[in-house]
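The values are calculated or read from the model by the stated rules, or taken from the named source; none is laboratory data. Because the structure is predicted, anything quoted here is derived from the model rather than measured. Heads up, the Cβs are rebuilt from the backbone with ideal geometry, glycines too, and the neighbour counts pull from every protein chain shown. Heavy atoms of the whole protein, side chains included, go into the accessibility calculation; ligands, DNA and RNA do not. Shrake-Rupley method; radii C 1.70, N 1.55, O 1.52, S 1.80 Å.
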Amino acid sequence: MTLAHRVRLVPAAEQEAYFRKACGVARFAYNWALAEWQRRYAVGEKPSEIALRKALNAIKHQQFPWMLEVTKNAPQQAIKNLGRAYVNFFAKRGKHPQFKKKGKSRDAFRADNGRDGKHPDAVIIDGKRVKLPIIGWVRMREEVRFAGQIMSVMVSREADAWHASFTIETAYEPEAHILANTVGVDLGVTALATLSTGSSVAGPKPLRRYLKKLKRVARALSRKQRGSNNRAKAKTTLARLHARITHIRQDTLHKLTTALCREVATVVIEDLNVAGMLANRHLSRAIADLGFFEFRRQLEYKTVMAGGTLIVADRWYPSSKLCSVCNTRHEDLALSERTWSCASCGASHDRDTNAAVNLARYPESWAGSACGAEGAGRRRQATVKPAA
């Protein structure tokens, strides 16, 4: 199994200067390869990332000798990323690759460890420090959690902090899950997650908490003169605030998904149309502040690691409109009705709790797909779920 662990680095001043230089080389190589790709395509050739890497290696000693000051993996991996971007573009999984601009793109470079990890540029970990190509040993805030063969390390900058993301190939065995319970999880805006057990987890809503400060800091940045030191300081302040908002959201989601995977054998969630929900101008900010897609992404790999099962209910499963007592479907239930009573049995329901209970019963009560990919009737043929 291939796992990744992201660790905060504590570089010295000369090491941070090297990181910035390596990021600049990677950005330049990406832009050079993109321009060369477009030129070759315009004259009728069929470009490829392998040919572009060979072309750059042939000319960099004479035309770009400053590239030799950093690890050779920085420009080579940047061109590989361009090749992957074009593969996604032709497969209609992404947009056409764009040129990277300094200060407006993510600063990062990759050091590849190879398949054996024995070449001179190998990445070595020793406790709370890591040996990177050319620069040598760099301090880390914590030790890497997983033991195994280090395949690569991605060094990136977030605000004014540097991180190293280690990709590790390890012989990981899923835990033997002794639990046999099934819990449905209903995601919402009022509460981040409502469980079928009756408990709920409130969302931290970090963007809402720091929105006024975010506007004030952004306004201060816009008033600074371009190219000045004060503008650079204001830009760093704004980046730190954005990073803090992201960290608060990620921390909540990681703690929630980890607790679910450790305590529950089977987790059932809905196949939410997040893109469609973000089109609602009244709720888009609140929905984006919660991170529904990230919640599902974390559950997908954590349930595998914990030896559990994740079931994604069909997008058209009426979890909110079914009475969890008598199974009567109420088609006229409005989104604004947070509590309602069943007309058949008279049971009173909280909308989110009722949906979570129905999701917990989904594996036995609904003839849909366990992964949410198969249809559930003629309505499943629609490509976008209608707005409530």
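Any chance you could tell me what percent of the C-alpha pair distances in the stretch 224-375 go past 20 Å?
Working: 7213 of 11476 pairs.
Across the stretch 224-375, Cα pairs with separations above 20 Å total 63 percent.
For the chain, the fraction of 1.4 Å probe accessible surface lying on carbon and sulfur atoms is 51 percent.
Quote the charge dipole size of the chain about the Cα centre in Debye, to the nearest 20; the model charges only the Cβ of Lys and Arg (+1) and of Asp and Glu (-1). It would help to have the intermediate numbers written out before the result.
Numbers: 66 positive and 34 negative charges, 533 e Å.
Rounded to the nearest 20 debye, it is 2560 debye.
Amide H contacts of Thr328: Cys323, each under 5 Å away and 5 or more positions distant or on a separate chain (H built 1.01 Å from N in the peptide plane; Pro and chain starts excluded). Its residues counted as N, the chain yields a C-alpha radius of gyration over 2.2 N^0.38 Å of 1.18.
Take the Cβ atoms of Arg297 and Thr236, set R0 to 25 Å, and the FRET efficiency comes out at 0.30.
Amide H contacts of Trp162: Leu9, each under 5 Å away and 5 or more positions distant or on a separate chain (H built 1.01 Å from N in the peptide plane; Pro and chain starts excluded). Mean residue ellipticity, 222 nm, helices only, the chain: the sum of -39500 (n - 2.57) across DSSP H runs of n ≥ 4, divided by residue count and rounded to 500, is -13000 deg cm²/dmol. Exposed loop sites here mean GluC sites (Glu not before Pro) with a DSSP loop assignment and at most 15 other beta-carbon atoms within 10 Å; the chain contains its longest site-free run at 176-330.
Could you pull out the pairs from Lys46/Lys131; Lys21/Lys235; Lys54/Lys235 whose alpha carbons sit more than 31 Å apart here?
On the way: Lys46/Lys131 39 Å; Lys21/Lys235 20 Å; Lys54/Lys235 38 Å.
Over 31 Å apart, Cα to Cα: Lys46/Lys131; Lys54/Lys235.
Calculated accessible area for the stretch 17-120 comes out at 60 Å² per residue, all protein chains present (probe 1.4 Å; ligands, DNA, RNA ignored).
Taking a ≥ b ≥ c as the square roots of the eigenvalues of the alpha carbon gyration tensor, the stretch 55-212 is prolate, as a/c is not under 1.5 and a/b beats b/c. Overall, the anisotropy analysis places the stretch 178-278 in the prolate class: the square-rooted eigenvalues a ≥ b ≥ c of its C-alpha gyration tensor yield a/c not less than 1.5, with a/b exceeding b/c.
Residues whose amide H falls under 5 Å from that of Asp271, counting only those 5 or more places apart or on a different chain, are Ala313, Arg315, with hydrogens built in the peptide plane. Taking the inverse of the mean 1/r over every pair of distinct Cα atoms in the stretch 73-114 gives a Kirkwood hydrodynamic radius of 11.5 Å.
Rolled with a 1.4 Å probe across the full set of protein chains, the surface gives Phe90 an accessible area near 130 Å². The simple spin-label model puts a point 7 Å past each Cα toward its Cβ; for Ile124 and Arg93 those points are separated by 3.7 nm. Dipole check for the stretch 246-352: with +1 at the C-beta of Lys and Arg, -1 at the C-beta of Asp and Glu, and the Cα centre as origin, the magnitude is about 220 Debye.
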